[in-house]
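A.B. asks: Quick one: structure below, then a few questions.
The values are calculated or read from the model by the stated rules, or taken from the named source; none is laboratory data. Owing to the predicted nature of the structure, the values given are computational and were not obtained by experimental measurement. As a convention, Cβ positions derive from the backbone with ideal geometry for all residues, glycine included, and neighbour counts pool all protein chains shown. Areas reflect the complete protein model, heavy atoms only, side chains present, ligands, DNA and RNA absent. Shrake-Rupley method; radii C 1.70, N 1.55, O 1.52, S 1.80 Å.
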Amino acid sequence: MDVNTPKSDTAPVGPLAGPGGIGGDASTSPMAADGHSGDSGRKKRARVHVLSATIDLETHIANYKDRGARIDRLMFIADRCPPLQADASALAITEIKQTSNAEKYLQAVTRLNEALYAQRKPMQPVDEKWVEETRQAVRAKTERLESELKSYRANSIKESIRMGYTDLGDHLFDAGDLSGALKHYTRTKDYCATQKHILDMCMRVIRTGISIGNFAHAHTFLVKAESIPDPPEREKLSSKIASIMGIINMESGAYRKAAKNFLSIQFAHADVIFETLSPNDIAVYGAITALASFERSELKSQVFENSDFKQFLELEPQIREMLYNFHALKFQACLEIMARIKNDLLLDIYLHEHLDTLFQLIRKKAIVQYFYPFMSVDMNKMAENLYCTVSELEHEVAALIREGQIQARIDSHNKILRVKRTNQRSQLYAKSLEMAADYAFQRRLTVLRGKLLERELVVSMARR
Amino acid sequence: MDQLLSILLQNRGGSPAEGSHLQNVSDEHQRTVYKALAATSTYVLASPTSSNDDPLSLLDPRTNTLAFAMILTARIKHSPSSSLLLAHALTFAQRFDPRQLVVAPQELPAVGEAIILCADAARCRRAAVRPLQLICLRLNATPVSGNTVGMSAVDLDEYAFNVIAGNVSQSGVHLTPLHVQFLKVCLLAKNYKIARTVLDVPITDFASPVAPIAAVQDFLLYHYYGGLVHIGNKRFQAAQQFFEICLNAPSTVPSAIQIESYKRLVLVSLLLKGEMTALPKSVAPIVLRSCRSQAAAYLEFASAFASLSHTRAAAKAQQFAERFHADKTLGLVQQCLADIVRRKIQQLTSTYLTLSLGDIARSVGLVDASVPIEVAEAEAEAHVLQMIESGRVLATISHADGGMVSFHDVAESFDSLATTEKLERELASAAAADLDARDLDRKISLSREYLQRITQDKSKAASSTLDDDQV
């Protein structure tokens with residue numbers, strides 16, 4: 001299948017103002033339009049449609065070893081990116097056919113046909129035979145496994161019951177019945193004999209939980225998995241747990257914690273991280289969350305001096321460039337890269353919701369650090385370097401001043417940002433006088449109250 | 001009546017008008033006089049002498065305070081509209097001697113009520129203000145246990161002037177029902193300025209031997225009225241304190257006065273701080289709870305205000321307009337609404353050094369589709385001008401650059417002699433307060449109740465540990 005068709009015929013693509021595609025393989029990737037194409041309600045978490053992306057589907061998807069992850073991501077891309085909808089759904093269909101998830105297959109075919117219809121191409125017929133066969137097979141296998149389970153339970157052999165539940169869960173997971181799978185995985189809880197069993201159970205529950213989108217549930221079991229004493233292959237496990245914890249923290253908006261999680265993953269164990277993540281994702285997530293939440297010194301000590309993470313970064317040269325540019329205070333270059341990769345990242349299944357917030361945080365950090373060494377700055381130059389217009393910058397800076405992140409004031413007339421001189425001494429005087437007055441009043445309040453009590457003057461029900 | 005009068009007048013001849021060595025004797029004498037007066041019916045008290053003289057013109061309130069008070073009360077109750085009575089009341093207020101009233105603590109409040117009654121009957125509420133003010137001033141200025149020579153009315157006015165100038169700091173000021181009456185009269189007469197002469201002396205106690213307050217309601221009312229007066233004088237900080245004191249009174253049930261105080265406290269806090277500040281922890285939880293539920297409209301308005309969105313706040317004000325109107329808080333609410341814009345402008349000063357009037361109008365939300373930009377700019381300018389005049393911001397407006405406002409830093413640098421003086425004054429008052437607190441602490445720790453409680457608790461604690469051991 002031709003993945004990277006130039007998108008000349010999908011007419012309503014955004015303005016073609018891309019600053020030159022320097023993507024993974026620039027020659028074939030469509031031009032990166034100037035991102036966030038209008039229709040995104042930023043704060044409303046509305047569904048963002050990416051009208052153009054530089055993503056190379058096949059290479060991107062090949063990073064994921066787990067089939068479920070591949071399908072989920074492809075479907076997500078098909079959902080969010082009209083230009084890639086056809087290719088992504090087609091790829092997804094091939095993958096889904098190897099599972100027994102008939103519902104998902106039908107979904108994917110519908111998506112594909114929508115896209116084909118829009119491109120006025122012949123639609124693909126549904127493979128009714130496969131659907132029917134799969135459905136039957138699933139039903140048969142479910143029944144078989146259930147009856148097996150029943151006999152295990154009758155014999156009450158712990159290990160077999162656990163295996164029975166796990167098999168049934170696996171089967172349902174494969175067939176796309178996630179909540180059913182979760183139910184059966186959870187039931188194995190009572191039949192776990194060894195630490196490995198508990199760990200297996202936890203991991204399966206976490207995987208299913210995250211697939212459903214129930215991150216809180218996954219978190220509970222993750223904590224459980226973490227607390228297993230002396231687990232087999234501790235090092236590998238801790239990397240895996242860190243990767244999961246990272247996603248969960250990112251999802252809940254705890255970017256700083258998430259960054260720490262991602263940065264603690266060892267490159268040697270890149271192959272055992274959470275199934276739905278690729279090592280590339282670790283680099284992207286880690287770099288962006290770290291940029292958004294770390295101080296400069298922390299960036300240096302925890303990112304640039306982190307040999308494991310450096311190796312992850314090698315996988316994503318753009319991200320690495322972005323990080324280094326930021327650290328070298330080349331904000332223009334850094335923000336340029338951010339604008340360029342934004343569309344691709346919006347197609348990431350975990351990152352998309354947080355991308356705007358994270359990028360805004362990074363911008364704020366950039367503005368703060370840009371201004372840090374100066375007494376006064378010409379805002380025209382500053383805007384040029386920070387990749388925005390002066391009035392936009394003025395708004396951003398005003399917000400930062402209000403938040404107390406920049407100690408400065410804006411000379412809006414001359415478009416100059418000046419450091420605010422605070423007179424510590426007079427502030428101290430003013431503050432202490434205020435405090436003295438407050439204390440005096442508090443004392444008065446207490447004494448009056450005490451006197452009232454002493455004289456038994458208490459507001460109470462009227463005596464008759 | 002003639003008989004009575006002769007006793008009184010004769011007594012004046014016998015007892016020295018002034019002189020401390022005879023204080024005790026005169027106390028006893030006062031008691032007998034009081035007994036005689038109390039035994040006389042009000043009808044008799046209210047009647048003129050046989051020679052048709054006015055007994056009040058014969059008596060001197062300085063020496064016969066008690067008799068004068070009781071006769072005045074009786075007369076007013078009998079025929080409140082008599083024109084001479086207000087003049088008599090004023091004489092009384094100017095010259096009465098509080099020490100002589102110690103034997104009959106309920107008489108002075110009665111006089112106060114009578115004066116109000118009299119003024120009402122004359123359809124001139126304002127007439128009651130001055131006598132009551134003088135009475136309160138004298139009570140405030142005269143430490144009851146002390147032995148000061150009575151001040152003349154002129155002295156009292158000087159004292160009042162000093163109070164307003166903030167030069168009076170004294171202890172042992174007792175709250176009396178007269179204070180409450182005075183404030184009420186001031187409020188009704190809308191004469192807020194004069195109330196300051198009394199309000200600005202902080203109350204420290206409420207067991208004046210002359211006229212102790214009978215119920216906690218007087219305490220609550222005094223501080224509620226006081227808060228209202230302070231609002232009238234636009235002294236919101238003081239108003240906030242008064243309302244807080246009112247809410248802080250020990251309570252087992254919420255009082256309606258407290259709830260009304262809370263409503264106004266919310267609005268005053270908005271004007272001062274921009275949000276509802278936390279109340280002291282000692283406020284009874286039950287009071288707080290019922291205040292919150294009773295004043296829900298105010299809290300909603302407060303949260304709209306805190307968002308500094310004029311439209312939101314105005315919408316809330318509109319929504320609860322009837323409520324606010326019924327509570328008579330509409331004026332304060334309007335002031336809050338006007339304050340939002342100024343508060344926003346004030347925020348801008350910390351962010352900007354210069355900003356054009358147009359930008360100011362835009363960022364505080366004066367601009368909308370229906371308002372042309374020139375009008376909005378003019379409005380913004382008016383606000384800024386008003387704020388400069390009231391000293392809330394330090395700024396200059398330049399029309400040369402098309403209406404540019406430059407904000408300046410606060411000039412107060414705390415390096416003048418006045419600062420040192422102020423600091424010293426503050427330190428002295430803090431030290432005095434500290435001494436007071438220590439005294440109180442000592443007194444409490446030596447009090448019988450405290451010691452009893454302590455020993456009880458100890459024995460209880462000891463017995464409970466014993467029980468544990470036995471188990």
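A.B. asks: Checking residue A:198 against (1) touching a Lys or Arg at 6+ places or on another chain (Cβ under 9 Å); (2) open to solvent by less than 20 Å² (accessible area, probe 1.4 Å), which test does it fail?
C.D. replies: With (1) touching a Lys or Arg at 6+ places or on another chain (Cβ under 9 Å); (2) open to solvent by less than 20 Å² (accessible area, probe 1.4 Å) applied to residue A:198, the lone miss is (2).
A.B. asks: Next up: Among (1) open to solvent by 50 Å² or more (accessible area, probe 1.4 Å); (2) modelled with pLDDT of 80 or more; (3) under 19 Å from residue B:197 (Cα atoms), where does residue B:154 come up short?
C.D. replies: (2)
A.B. asks: Which residue, of B:368, B:339, is more than 11 Å from chain A (Cβ to nearest Cβ) and within 29 Å of the chain's Cα centre (by Cα)? If you could, list the steps in order and put the result at the bottom.
C.D. replies: Numbers: B:368 fails: within 29 Å of the chain's Cα centre (by Cα).
So the residue among B:368, B:339 that is more than 11 Å from chain A (Cβ to nearest Cβ) and within 29 Å of the chain's Cα centre (by Cα) is B:339.
A.B. asks: Taking the stretch B:350-364 as the search range and keeping residues that are in contact with a strand residue (DSSP E or B) (Cβ under 9 Å, 6 or more places away or on another chain) and crowded, with 21+ Cβ neighbours inside 10 Å, which one is farthest from the other protein chains (Cβ to nearest Cβ)?
C.D. replies: Going through the qualifying residues, I end up with B:357.
A.B. asks: Determine whether residue A:182 is over 30 Å from residue A:230 (Cβ atoms) and either part of a helix (DSSP H, G or I) or of a type outside the set (Ser, Thr, Tyr) (or both).
C.D. replies: no
A.B. asks: Separate question: Would you mind finding the one in B:275, B:300 that is at pLDDT 90 or above and more than 13 Å from every other protein chain (Cβ to nearest Cβ)?
C.D. replies: Being at pLDDT 90 or above and more than 13 Å from every other protein chain (Cβ to nearest Cβ) holds for just one of B:275, B:300, which is B:300.
A.B. asks: Oh, and also: Out of the residues in the stretch A:185-195 that are outside any helix (DSSP H, G or I) and not β-branched (Val, Ile, Thr), state the one that is least open to solvent (accessible area, probe 1.4 Å).
C.D. replies: Taking the stretch A:185-195 first, the residues outside any helix (DSSP H, G or I) are A:192-194.
Still in the running and not β-branched (Val, Ile, Thr): A:192-193.
Numbers: A:192: 24, A:193: 79 Å².
Checking each candidate, the answer is A:192.
A.B. asks: Select from the stretch B:243-268 the residues that are within 14 Å of chain A (Cβ to nearest Cβ), closer than 23 Å to residue B:306 by Cα and of a type outside the set (A, V, I, L, M) and list them in ascending order.
C.D. replies: Result: B:243, B:244, B:260, B:261, B:262.
A.B. asks: From the set of residues in the stretch A:451-461 that are assigned to a helix (DSSP H, G or I) and at the interface with chain B (Cβ under 7 Å from one of its Cβ atoms), which is farthest from residue B:204 (Cα to Cα)? Outline the logic, then answer.
C.D. replies: Within the stretch A:451-461, the first condition is being assigned to a helix (DSSP H, G or I), and the residues that meet it are A:451-454.
Still in the list and also at the interface with chain B (Cβ under 7 Å from one of its Cβ atoms): A:451-453.
Values: A:451: 9, A:452: 11, A:453: 14 Å.
Checked the stretch A:451-461; the qualifying residue farthest from residue B:204 (Cα to Cα) is A:453.
A.B. asks: Right, residue A:240: without any contact (Cβ under 8 Å) to a residue 40 or more places away in the chain, touching a helix residue (DSSP H, G or I) at 6+ places or on another chain (Cβ under 7 Å), closer than 21 Å to residue A:352 by Cβ and among the basic types (Lys, Arg) or not?
C.D. replies: Taking the combined requirement at face value, the residue does not satisfy it.
A.B. asks: Still on this structure, please answer the following. Test each condition in (1) open to solvent by less than 40 Å² (accessible area, probe 1.4 Å); (2) within 20 Å of residue B:307 (Cβ to Cβ) for residue B:387 and report the one that comes out false.
C.D. replies: Only one criterion is unmet by residue B:387, namely (2).
Residues are listed down the side, and each one gets a yes or a no for (1) more than 23 Å from residue B:330 (Cβ to Cβ); (2) touching a helix residue (DSSP H, G or I) at 6+ places or on another chain (Cβ under 7 Å):
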{"site": "B:158", "(1), (2)": "yes, no"}
{"site": "B:161", "(1), (2)": "yes, no"}
{"site": "B:182", "(1), (2)": "yes, yes"}
{"site": "B:194", "(1), (2)": "yes, yes"}
{"site": "B:207", "(1), (2)": "yes, no"}
{"site": "B:215", "(1), (2)": "yes, no"}
{"site": "B:221", "(1), (2)": "no, yes"}
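A.B. asks: Let me ask something else about it. Look through the stretch B:91-117, keep the residues that are of a type in the set (Val, Ile, Thr) and modelled with pLDDT under 80, and return whichever of them is least open to solvent (accessible area, probe 1.4 Å).
C.D. replies: Applying the filter and picking the extreme gives B:103.
A.B. asks: Mind checking which helices (runs of 4 or more DSSP H) fall wholly inside the stretch B:320-385 and carry at least 1 residues that are closer than 20 Å to residue A:414 by Cα and touching a Gly at 6+ places or on another chain (Cβ under 7 Å)?
C.D. replies: B:357-363
A.B. asks: State whether one or more residues within the stretch A:134-152 are without any contact (Cβ under 8 Å) to a residue 60 or more places away in the chain, small (Gly, Ala, Ser) and in contact with an Asp or Glu (Cβ under 7 Å, 6 or more places away or on another chain).
C.D. replies: no
A.B. asks: While we're on this one: Take residues that are farther than 27 Å from residue A:183 by Cα and tell me which of the helices (runs of 4 or more DSSP H) falling wholly in the stretch A:197-266 contain 1 or more.
C.D. replies: By residue number, A:234-251, A:255-263.
A.B. asks: Can you pull out every residue in the stretch A:380-395 that is within 12 Å of chain B (Cβ to nearest Cβ) and either surrounded by fewer than 18 Cβ atoms within 10 Å (Cβ to Cβ) or under 23 Å from residue A:328 (Cβ atoms) (or both)?
C.D. replies: The answer is A:391, A:395.
A.B. asks: Could you tell me which residue of the stretch A:315-343 is nearest to residue A:296 (Cα to Cα), considering only residues that are of a type outside the set (S, T, N, Q), open to solvent by 30 Å² or more (accessible area, probe 1.4 Å) and touching a residue at least 24 places away in the same chain (Cβ under 8 Å)?
C.D. replies: Going through the qualifying residues, I end up with A:327.
A.B. asks: So which pairs qualify, if the first residue must be in the stretch B:428-447 and within 8 Å of another protein chain (Cβ to nearest Cβ) and closer than 16 Å to residue A:446 by Cβ, the second must be polar (S, T, N, Q) and open to solvent by less than 100 Å² (accessible area, probe 1.4 Å), the Cβ gap must be under 8 Å, and the two must be at least 6 apart or on different chains?
C.D. replies: If the second residue must be polar (S, T, N, Q) and open to solvent by less than 100 Å² (accessible area, probe 1.4 Å), the pairs left are B:436/B:171.
A.B. asks: Checking the condition in contact with a helix residue (DSSP H, G or I) (Cβ under 8 Å, 6 or more places away or on another chain) and modelled with pLDDT of 85 or more, which residue from B:405, B:393 passes?
C.D. replies: B:405
A.B. asks: Moving on. Kindly check whether there is at least one residue in the stretch B:214-229 that is open to solvent by 30 Å² or more (accessible area, probe 1.4 Å), away from chain A (no Cβ under 14 Å), part of a helix (DSSP H, G or I) and hydrophobic (A, V, I, L, M, F, W, C).
C.D. replies: yes
A.B. asks: State whether the residues of the stretch A:355-364 include one that is under 25 Å from residue A:249 (Cβ atoms), away from chain B (no Cβ under 14 Å), part of a loop (DSSP other than H, G, I, E, B) and in contact (Cβ under 8 Å) with a residue 40 or more places away in the chain.
C.D. replies: no
A.B. asks: Looking only at the stretch A:414-429, count how many residues are at the interface with chain B (Cβ under 7 Å from one of its Cβ atoms) and either farther than 30 Å from residue A:402 by Cα or open to solvent by less than 50 Å² (accessible area, probe 1.4 Å) (or both).
C.D. replies: 1
A.B. asks: Would you list the helices (runs of 4 or more DSSP H) that sit entirely within the stretch B:34-131 and hold 2 or more residues that are under 21 Å from residue B:218 (Cα atoms)?
C.D. replies: In the stretch B:34-131, B:107-121 are the helices (runs of 4 or more DSSP H) which contain 2 or more residues that are under 21 Å from residue B:218 (Cα atoms).
A.B. asks: Go through the stretch A:292-317 and count every residue that is assigned to a helix (DSSP H, G or I), closer than 14 Å to residue A:262 by Cβ and among the aromatic types (Phe, Trp, Tyr). Spell out the reasoning first.
C.D. replies: The initial filter retains those residues of the stretch A:292-317 that are assigned to a helix (DSSP H, G or I), namely A:292-293, A:296-304, A:307-315, A:317.
Okay, now just the ones that are also closer than 14 Å to residue A:262 by Cβ, so A:292-293, A:298-299, A:302-303, A:308-313, A:315.
This time we only want the ones that are among the aromatic types (Phe, Trp, Tyr), so: A:309, A:312.
Summing the residues that are assigned to a helix (DSSP H, G or I), closer than 14 Å to residue A:262 by Cβ and among the aromatic types (Phe, Trp, Tyr) in the stretch A:292-317 gives 2.
A.B. asks: Now, a different point. Only one of B:84, B:101 is farther than 16 Å from residue B:58 by Cα and among the aliphatic types (A, V, I, L, M); which?
C.D. replies: Being farther than 16 Å from residue B:58 by Cα and among the aliphatic types (A, V, I, L, M) holds for just one of B:84, B:101, which is B:101.
A.B. asks: List the residue pairs whose Cβ atoms are under 6 Å apart, where the first residue sits in the stretch A:160-189 and is among the aromatic types (Phe, Trp, Tyr), the second is at pLDDT 85 or above, and the two are 6 or more positions apart or on different chains.
C.D. replies: Between residues of the stretch A:160-189 that are among the aromatic types (Phe, Trp, Tyr) and residues that are at pLDDT 85 or above, the close pairs are A:165/A:184; A:165/A:187; A:165/A:188; A:173/A:181; A:185/A:169; A:185/A:204; A:185/A:205.
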